[in-house]
Amino acid sequence: MGFPKDFLWGAATAANQYEGGYLSGGKGLSVQDTVTGGDGIHGIPRYISVRYADGTTGMLKLGMGCELPAGAVAYVDEKQYYPSHVATDFYHHWKEDIALFGEMGLKSFRLSINWTRIFPNGDEEEPNEEGLRFYDQVFDECHKYGIEPLVSMNHFDCPLHLASEYDGWASRKVVDFFLKYAETILTRYKGKVRYWITFNEVNFLRSYHMIGITETESNPQKLAQAIYHILLASAKTVRLAHEIDADNRMGMMFAYLLSYANTCNPDDVLAELDFSRDIKDFYLDVHCRGYYPNYKLKEFERKGIRLVKEEGDDQALRDGTVDYIAFSYYNSSVISSAPVGEEAGGNHFGGVKNPYLESSEWSWGIDPKGMRIALNKLWDKYQKPLMIVENGLGAKDRVEEDGSIHDDYRIDFLRKHIREMEKAISLDGVELWGYQVWSAIDIVSAGTGEMRKRYGFIYVDKDDDGNGTLERTRKDSFYWYKKVIASNGEDLD
Ligand code: BGP
């Protein structure tokens, strides 16, 4: 019973939400550096500052249906506030933060490498040594505390130069630029990093601010080609990583949107099947089986999409299947064939509101049992080891007069999910390598750009407008998780 002895209890972050230092140490601009802050609770969206082909500029609202027209590029407008520029400043606090992670007893720490810290424009011949040195220090410091780094090569991040000059991932050249970046970091950090993720939430990589391509909505052929390039780059990276070090454990990462059919009406069941295939199964099938599934090929046929491939590509996909499946799990969704009732919120997709579940302040349905279901579905289908690399609660925290933060709601959320995870291991026999809570420390929200939507075990003094001392304070959940880890998941009180 219980968790395996070497279970990776950890916590996660992402460079564009945490690192800051956006132009320090030779770093170049990333598309994320052109995205403003927002306010999810008050419905204030995030914007990208855009320069159009005719030279005019404007602010483009991010969200469903938003796209940059061909020829448009994003830029940094000095009058705007961009949360990624400082974020919660890991760049200048890494020593202090890793010491706190060590104190909490983390066995693993998930972070992403900023592509533009290593290749500022993305297409240089030589990497930026100062950027490489930064992560050397970070990984060495992690090992000092016995923390295993778990590294995402790409977390919603594309060099701005690649977006402006090549139309991002729409260009085949970007596959080679990414491989060069991957080879550089795999070689440099050999022996320091063993657990890798190629792309974060690969099933959400569809918009300009993540993959740097224009016409994401109006040109399905171009989007399908860009996604193909990403999947190909990922597969080639897996193969390369195994060649560089047979000890490397290569994972793909996707957002597990567990979905239920709204009723037993076969139309709802079919709608759920379509949704699942489109939003998650397709990506898993390619990464785990090494080829495009028939339902996707048929969809391409119907839509008149023809992928442009090069010789050897099919083999590369087959050779690059992953060693383990990493996924984020926040909420489940309900799918209906016809519009009904109230919409739910969620990690990129809400669906119909589930009457059996409670919701977070941001209306994400809380579904711990869904996590057990997700683990079982994945294990049954692919028989590959699993790793939960994001799970957590975004909530507003209150700092008491004495400086303490009583985040019992977060503890309650995590406790319920850990119990279900334990059942999946001990009752269902799922092979689970680890659990990375989102997030190790407070960072900027990816969806809304807010600071007030906090996930961390450690509070960072900073508000939605960028004001604050950046001082770090342990929350109650910090001490609680420390106990959980020390007891290998037995003491959840
Ligand atoms: C996932 C992303 C993370 C993270 C998390 C929480 O989709 O991989 O980057 O931020 O969701 O989402 P949010 O920050 O929008 O609350």
Note to self: Show the residue pairs meeting these rules: Cβ distance below 6 Å; 6+ apart or different chains; first residue within segment 31-60 and more than 21 Å from A72 (Cα to Cα) and within 16 Å of the ligand (Cβ to nearest atom); second residue in a strand (DSSP E or B) and not hydroxyl-bearing (S, T, Y).
What the structure shows: G38/I44
Next item on the list: Kindly indicate whether any position in segment 401-412 is modelled with pLDDT under 95, within 20 Å of the chain's Cα centre (by Cα) and either surrounded by fewer than 23 Cβ atoms within 10 Å (Cβ to Cβ) or farther than 22 Å from F275 by Cα (or both).
Entry: no
Checklist line | Given (1) among the hydrophobic types (A, V, I, L, M, F, W, C); (2) within 16 Å of the ligand (Cβ to nearest atom); (3) modelled with pLDDT under 95, index of the condition I230 fails | finding: (3)
Next item on the list: Determine whether segment 436-457 contains at least one residue that is away from the ligand (no atom under 16 Å from the Cβ) and either within 26 Å of R194 (Cα to Cα) or surrounded by fewer than 22 Cβ atoms within 10 Å (Cβ to Cβ) (or both).
Entry: no
Notebook entry, point to check: What residue, among those in segment 416-428 that are exposed (fewer than 15 other Cβ atoms within 10 Å of the Cβ) and in contact (Cβ under 8 Å) with a residue 40 or more places away in the chain, is farthest from the ligand (Cβ to nearest atom)?
Noted result: S426
Item checked: Search result, residues across segment 195-217 that are touching a Gly at 6+ places or on another chain (Cβ under 8 Å) and either among the β-branched types (V, I, T) or buried (at least 23 other Cβ atoms within 10 Å of the Cβ) (or both) -> Y195, W196, I197, T198, Y208, I211, G212, I213, T214
Notebook entry, point to check: Restricting attention to segment 377-400, which residues are crowded, with 18+ Cβ neighbours inside 10 Å, closer than 30 Å to Y479 by Cα, more than 16 Å from the ligand (Cβ to nearest atom) and of a type in the set (A, V, I, L, M)?
Noted result: L386
Margin query: Of everything in segment 259-275, what is assigned to a helix (DSSP H, G or I) and surrounded by fewer than 17 Cβ atoms within 10 Å (Cβ to Cβ)? Give them in sequence order.
Written below: P266, D267, V269, L270, L273, D274
Check: When you scan segment 26-144 for strands (runs of 3 or more DSSP E) that lie fully inside it, which ones turn up with 3 or more residues that are at pLDDT 95 or above and open to solvent by less than 10 Å² (accessible area, probe 1.4 Å)?
Finding: 108-112
Next item on the list: Scan segment 289-307 for residues that are touching a Lys or Arg at 6+ places or on another chain (Cβ under 6 Å) and in a helix (DSSP H, G or I) and jot them down.
Entry: Y295
Next item on the list: Kindly indicate which of K192, K222, K180 is assigned to a loop (DSSP other than H, G, I, E, B) and either surrounded by fewer than 21 Cβ atoms within 10 Å (Cβ to Cβ) or without any contact (Cβ under 8 Å) to a residue 60 or more places away in the chain (or both).
Entry: K192
Margin query: Could you list, ordered by first residue, the pairs with Cβ atoms under 6 Å in which the first is in segment 150-162 and small (G, A, S) and the second is more than 10 Å from the ligand (Cβ to nearest atom), at least 6 apart or interchain?
Written below: S152/I197
Notebook entry, point to check: Among the numbered criteria (1) under 21 Å from the mean Cα position of the chain (by Cα); (2) away from the ligand (no atom under 16 Å from the Cβ); (3) of a type outside the set (K, R); (4) modelled with pLDDT of 95 or more, which single criterion is violated by Y208?
Noted result: (4)
Next item on the list: Could you list, in sequence order, all residues of segment 8-22 that are near the ligand (Cβ under 10 Å from one of its atoms) and of a type in the set (S, T, Y)?
Entry: T13, Y18
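The values are calculated or read from the model by the stated rules, or taken from the named source; none is laboratory data. Predicted, not measured: the structure shown is a model, and the values here were computed from it. All Cβ positions, glycine included, derive from the backbone under ideal geometry; neighbour counts span all protein chains shown. Only protein heavy atoms, including side chains, enter the accessible area calculation; ligands, DNA and RNA are left aside. Shrake-Rupley method; radii C 1.70, N 1.55, O 1.52, S 1.80 Å.
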